[in-house]
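Q: Quick one: the structure is below, questions incoming.
The values are calculated or read from the model by the stated rules, or taken from the named source; none is laboratory data. Just so it is clear, the structure is predicted and the values come from calculations on it, not from any experiment. Backbone-built Cβ (ideal geometry, glycine too); neighbour counts: all protein chains shown. All accessible areas refer to the heavy atoms of the entire protein, side chains included, with ligands and DNA or RNA removed. Shrake-Rupley method; radii C 1.70, N 1.55, O 1.52, S 1.80 Å.
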Amino acid sequence: MLSKKSQYAFKALSYLVEKRNDGPILISEIAEHKKIPLKFLENILLELKKAEILDSKKGKGGGYFFKENPENVKLAKIIRLVNGPIAMLPCVSLNFYEKCEDCNEDHCGLHDVLIEVRDASLNILEKKTLMDLVD
């Protein structure tokens with residue numbers, strides 16, 4: 001399940017995609033239009049800036065804007081950045097792998113099924129970009 005943080009990140013990014021030709025967008029405008037708590041949004045946007053997806057400008061005419069072309073930003077990248085693993089179990093994660101306690105991965109039906117779920121999800125999330133979030 002996507003965390004609230006991930007949902008807010010996608011809402012904010014979809015708003016920035018819609019306004020991408022309008023110059024920098026104030027955090028308060030994003031928060032108001034997408035109904036995101038301001039303090040929560042500040043942290044999310046800072047993470048996205050550190051990951052070099054967004055950049056910001058201070059002062060008059062300032063705000064957030066895309067540093068990376070939204071056509072090139074895969075949804076999987078945002079989920080991993082904000083939410084962590086895409087896989088439902090740590091033992092099937094590609095980037096956050098951890099062996100499950102008291103589990104034999106060679107003979108675990110749940111492990112095998114969730115690998116298929118992970119692969120199906122990744123197949124979609126690695127093809128879709130931020131541009132797919134808007135009409």
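Q: Give the residues of segment 9-60 that are open to solvent by less than 90 Å² (accessible area, probe 1.4 Å), over 22 Å from Leu75 (Cβ atoms), part of a loop (DSSP other than H, G, I, E, B) and free of Cβ contacts under 8 Å to residues at least 40 places away in the same chain, sorted by residue number.
A: Pro37, Gly59
Q: Could I ask something else about it? Can you tell me which residues in segment 61-112 are in contact with a Pro (Cβ under 8 Å, 6 or more places away or on another chain) and either in contact (Cβ under 8 Å) with a residue 40 or more places away in the chain or among the hydroxyl-bearing types (Ser, Thr, Tyr) (or both)?
A: Gly63, Tyr64, Phe65, Ser93, Tyr97
Q: Among the residues of segment 97-115, are any open to solvent by 70 Å² or more (accessible area, probe 1.4 Å) and at pLDDT 85 or above?
A: Yes: segment 97-115 contains one or more residues that are open to solvent by 70 Å² or more (accessible area, probe 1.4 Å) and at pLDDT 85 or above.
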